[in-house]
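S.K.: Before I ask anything, let me first share the structure, which is written out below as structure tokens.
The values are calculated or read from the model by the stated rules, or taken from the named source; none is laboratory data. Computed from a predicted model, the values in this text were never measured in an experiment. Cβ coordinates were reconstructed from backbone atoms using ideal geometry, including for glycine residues, and neighbour counts include every protein chain displayed.
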Amino acid sequence: MRILVVGTGGVGSAFAGIARRRSFFEHCALADYDSTRPEAVVAGLDDDRFAAHRIDASSKDDVVRLIRETNVDAVLNAVDPLFNVPIFDACLEAGATYLDMAMTLSEPHPERPHEEVGVKLGDYQFERAPAWEEKGLLALVGIGIEPGAADVFARHAADELFSEIDEIGIRDGANLVVEGYDFAPTFSIWTTIEECLNPPVIWEADRGWYTTAPFSEPEMFHFPEGIGPVECVNVEHEEVLLIPRWVDAKRVTFKYGLGDEFINVLQVLHKVGLDRTDKIRVGGAEVSPRDVVAAALPDPATLGDRMTGKTCAGTWVTGRKDGAAREVYLYHVVDNEWSMAEYGAQAVVWQTAVNPVVALELLAAGTWSGSGVLGPEAFDPVPFLDLLTAYGSPWGMREGG
């Protein structure tokens, strides 16, 4: 397999560090708008399978150019979802397998944003599924940790653990602390603003998809491996748009443990318009307010040596197995001390990056295959879960809530 990774920020560089230890690919092109970034990553890998390139991810033509120049089989989109459309379309045109970790962006309902869906996450991609099927090409969307491994957990629960499912609830929490900063998000602030301030989506079998207000329905969820109780709230996320397409459940939700301070910062950014993505004129330049916020905050990829604690992503499932009530939490935990010592990557970006490496290895082996626009739920979960464990980062399961 020959791979192109678009974006060498935290996740893209962590992907390279993880993939370097695997033998399933013969070449991996790392590309970024700032060519010094992939060059620095390649220099640190000491592996001649990797090469650095410059790319303009906003230009479909430039992505097509680099796919053809590097003669790759698969493209991993590791940039902010703002660039999904040109990369996704370029892969279809150039005949390459496409993978991303966040789907194309949503647009709230114009009149009833907190009751009805407008343009949903991934709508652009799923509307184009017939064209991918016609070409026999695969677009594997949402294959990070959440979405990604969390969706694999949902499929595994449906296949092996339950005969009837009431609710699938993705629950994400952490006890990570970043020393030396009053406010330092551990993941892309651009993406965090997008998913946290948009109306959250909920799925119910008798209602379909509908929306609610941001940060609604707070609940305390007890996370494993010493993280403990964290208050979680509704947040817009891809799993709710993916899981019901392949898994039967009466309800699907996503809740994120953000904390009061983080929620307050996001609400203030929204009130003063700093979450906007359309450009405004400042002096002689035109800039996006959200890009300014991102530029003013520390790069999450650089925070690892200041971080302590663990991050947990998981899938809580309730229902019945052969008539008996059952409740489980399938989860994946990464300790920042371990990921920094083992890979030099902070826990949140490493946990996201490991999953597309696993998926690409399964695709390279032919263990996973398909055509069209598919989510992780469309594939056999067992090989994925086994290989994730073989990578040295096992998943876990807790009976009960």
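S.K.: Which one of the conditions (1) of a type in the set (D, E, K, R); (2) more than 26 Å from Gly273 (Cα to Cα); (3) surrounded by fewer than 21 Cβ atoms within 10 Å (Cβ to Cβ); (4) in contact (Cβ under 8 Å) with a residue 24 or more places away in the chain does Glu217 fail to meet, given that it meets all the rest?
M.R.: The single condition Glu217 does not satisfy is (2).
S.K.: Moving to a separate point now. Of the conditions (1) of a type outside the set (Gly, Ala, Ser); (2) touching a residue at least 12 places away in the same chain (Cβ under 8 Å); (3) assigned to a loop (DSSP other than H, G, I, E, B), Tyr124 satisfies every one except a single condition; which number is it?
M.R.: Only one criterion is unmet by Tyr124, namely (3).
S.K.: Here are the criteria: (1) within 19 Å of Val349 (Cα to Cα); (2) in a helix (DSSP H, G or I); (3) in contact with a Ser or Thr (Cβ under 9 Å, 6 or more places away or on another chain). Tell me which single one Ala157 does not satisfy.
M.R.: (1)
S.K.: Test each condition in (1) crowded, with 16+ Cβ neighbours inside 10 Å; (2) at positive phi for Gly314 and report the one that comes out false.
M.R.: It is condition (2) that Gly314 fails.
S.K.: Can you find a residue in segment 348-360 that is touching a helix residue (DSSP H, G or I) at 6+ places or on another chain (Cβ under 6 Å), on the phi < 0 side of the Ramachandran plot and free of Cβ contacts under 8 Å to residues at least 60 places away in the same chain? So that I can check it myself, show each step before the final result.
M.R.: Restricting attention to segment 348-360, the residues satisfying the condition of being touching a helix residue (DSSP H, G or I) at 6+ places or on another chain (Cβ under 6 Å) are 349-350, 352-355, 357-358.
So of that shortlist, the ones also on the phi < 0 side of the Ramachandran plot come out as 349-350, 352-355, 357-358.
Those left that are additionally free of Cβ contacts under 8 Å to residues at least 60 places away in the same chain: 358.
Within segment 348-360, one or more residues are touching a helix residue (DSSP H, G or I) at 6+ places or on another chain (Cβ under 6 Å), on the phi < 0 side of the Ramachandran plot and free of Cβ contacts under 8 Å to residues at least 60 places away in the same chain.
S.K.: If you take just the helices (runs of 4 or more DSSP H) that sit entirely in segment 212-315, which of them hold at least 1 residues that are touching a strand residue (DSSP E or B) at 6+ places or on another chain (Cβ under 8 Å) and at pLDDT 95 or above?
M.R.: It comes to 239-246.
S.K.: Report, ordered by the first and then the second residue, all pairs with beta carbons closer than 6 Å, sequence separation of six or more or different chains, a first member in segment 327-338 that is more than 15 Å from Ala14 (Cα to Cα), and a second member that is among the polar types (S, T, N, Q) and not in a helix (DSSP H, G or I).
M.R.: Taking only residues 6 or more apart or on different chains, the pairs are Glu327/Thr318; Leu330/Thr315.
S.K.: Now for a separate question. Just a yes or no: is a residue in segment 348-357 part of a helix (DSSP H, G or I) and of a type in the set (Gly, Ala, Ser)?
M.R.: yes
S.K.: Among Val117, Val141, which is the only one that is at pLDDT 95 or above, out of contact with any Phe, Trp or Tyr (no Cβ under 6 Å at 6 or more places or on another chain) and either within 28 Å of Asp291 (Cβ to Cβ) or not charged (D, E, K, R) (or both)?
M.R.: The match here is Val141.
S.K.: Here is a follow-up. Restricting to segment 172-211, give me the number of residues that are within 20 Å of the chain's Cα centre (by Cα) and at pLDDT below 90.
M.R.: Qualifying residue count for the region: 14.
S.K.: Taking the options Ile243, Ile227, name whichever one is touching a residue at least 24 places away in the same chain (Cβ under 8 Å) and surrounded by fewer than 21 Cβ atoms within 10 Å (Cβ to Cβ). Working first, answer last.
M.R.: On the way: Ile243 fails: surrounded by fewer than 21 Cβ atoms within 10 Å (Cβ to Cβ).
Answer to the check: Ile227.
S.K.: Report, by residue number, each residue of segment 50-79 that is of a type outside the set (A, V, I, L, M) and either part of a helix (DSSP H, G or I) or crowded, with 21+ Cβ neighbours inside 10 Å (or both).
M.R.: If the condition is that a residue be of a type outside the set (A, V, I, L, M) and either part of a helix (DSSP H, G or I) or crowded, with 21+ Cβ neighbours inside 10 Å (or both), then Phe50, Lys60, Asp61, Asp62, Arg65, Arg68, Glu69, Thr70, Asn77 are the ones that fit.
S.K.: Kindly list, by first and then second residue, each pair from a residue in segment 1-28 that is farther than 11 Å from Ala353 by Cβ to a residue that is surrounded by fewer than 16 Cβ atoms within 10 Å (Cβ to Cβ) and among the hydrophobic types (A, V, I, L, M, F, W, C), limited to pairs with Cβ atoms under 7 Å and residues at least 6 apart or on different chains.
M.R.: The qualifying pairs are Met1/Phe24; Phe24/Ala365.
S.K.: Please enumerate the residues belonging to segment 145-193 that are out of contact with any Asp or Glu (no Cβ under 8 Å at 6 or more places or on another chain) and under 23 Å from Asn84 (Cα atoms).
M.R.: Ile145, Gly148, Ala149, Pro185, Thr186, Phe187, Ile189, Thr192
S.K.: Would you point out the residue of segment 12-49, among those that are of a type in the set (Lys, Arg) and in contact with a strand residue (DSSP E or B) (Cβ under 9 Å, 6 or more places away or on another chain), that is surrounded by the most Cβ atoms within 10 Å (Cβ to Cβ)?
M.R.: Arg37
S.K.: Go through segment 1-49 residue by residue and tally those that are over 16 Å from Asp73 (Cβ atoms) and either over 23 Å from the mean Cα position of the chain (by Cα) or not in a helix (DSSP H, G or I) (or both).
M.R.: 19
S.K.: Can you pull out the residues in segment 200-249 that are acidic (Asp, Glu) and on the phi > 0 side of the Ramachandran plot?
M.R.: Glu217, Glu225
S.K.: Taking segment 294-339 as the region of interest, how many residues are over 21 Å from Thr389 (Cβ atoms) and not small (Gly, Ala, Ser)?
M.R.: Looking only at that region, the number is 16.
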